[in-house]
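Some notes on the structure that comes next.
Please treat every number below as a calculation from the coordinates, not as lab data. Here the structure is a predicted model, which means the values were calculated and not measured. Neighbour counts run over all protein chains shown; Cβ positions are idealised from the backbone, glycine included.
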Amino acid sequence: MANRAIRRNLNIAYLLEYAFFITHGEHQIEVLSGLGYPAYLATILGLWKLLGVIAIVIPRFPRLKEWAYAGFFFELSGAALSHAFSGEGPALIAQPLVFLALVIASWALRPPSRKLASK
């Protein structure tokens, strides 16, 4: 039950991020520019986030779900490292790490039907 709530809230958060990235929200572009990334990266990240949420929500396809979780891990850990390497404060470094903790919890607590079968 707890995993369902975590997954639902995480998916809602990622869908909101998707909307802000795809529409080049002012804050997202400001953050990306401050980290030295081009504005078009917002479109790429937004599209990947949407596809990741779809992969996690749809039934079956456990390997695709593993890839989606891996993508979220790389995106969020990369965001934290980008903030750290650019000299940002602990609060901005911690923000993606909080979401990363939720992604890891969602991955670890998912039901057996959503896991890859072990060989």
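What are the residue pairs meeting all of these: first residue in region 44-67, first residue within 21 Å of Leu109 (Cβ to Cβ), second residue hydrophobic (A, V, I, L, M, F, W, C) and not in a helix (DSSP H, G or I), Cβ atoms under 9 Å, and 6 or more apart or on different chains?
Ala55/Phe61; Pro62/Leu116; Pro62/Ala117; Arg63/Leu116; Leu64/Ile58; Lys65/Ile58; Lys65/Leu116; Glu66/Leu116
Can you pull out every residue in region 55-88 that is acidic (Asp, Glu) and assigned to a helix (DSSP H, G or I)?
Glu66, Glu75 - these are the residues of region 55-88 that are acidic (Asp, Glu) and assigned to a helix (DSSP H, G or I).
What's the total number of residues in region 86-106 that are under 20 Å from Leu45 (Cα atoms) and free of Cβ contacts under 8 Å to residues at least 60 places away in the same chain? It would help to see each step written out before you state the result.
Of the residues in region 86-106, the ones under 20 Å from Leu45 (Cα atoms) are 86, 92-104.
With the extra rule that they be free of Cβ contacts under 8 Å to residues at least 60 places away in the same chain, the set shrinks to 86, 92-98, 100-101, 104.
The total comes to 11.
Table: residues versus (1) closer than 16 Å to Pro96 by Cα; (2) surrounded by fewer than 17 Cβ atoms within 10 Å (Cβ to Cβ); (3) not hydrophobic (A, V, I, L, M, F, W, C).
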residue: Val31; (1), (2), (3): yes, no, no
residue: Leu35; (1), (2), (3): yes, yes, no
residue: Ala39; (1), (2), (3): no, yes, no
residue: Ala55; (1), (2), (3): no, no, no
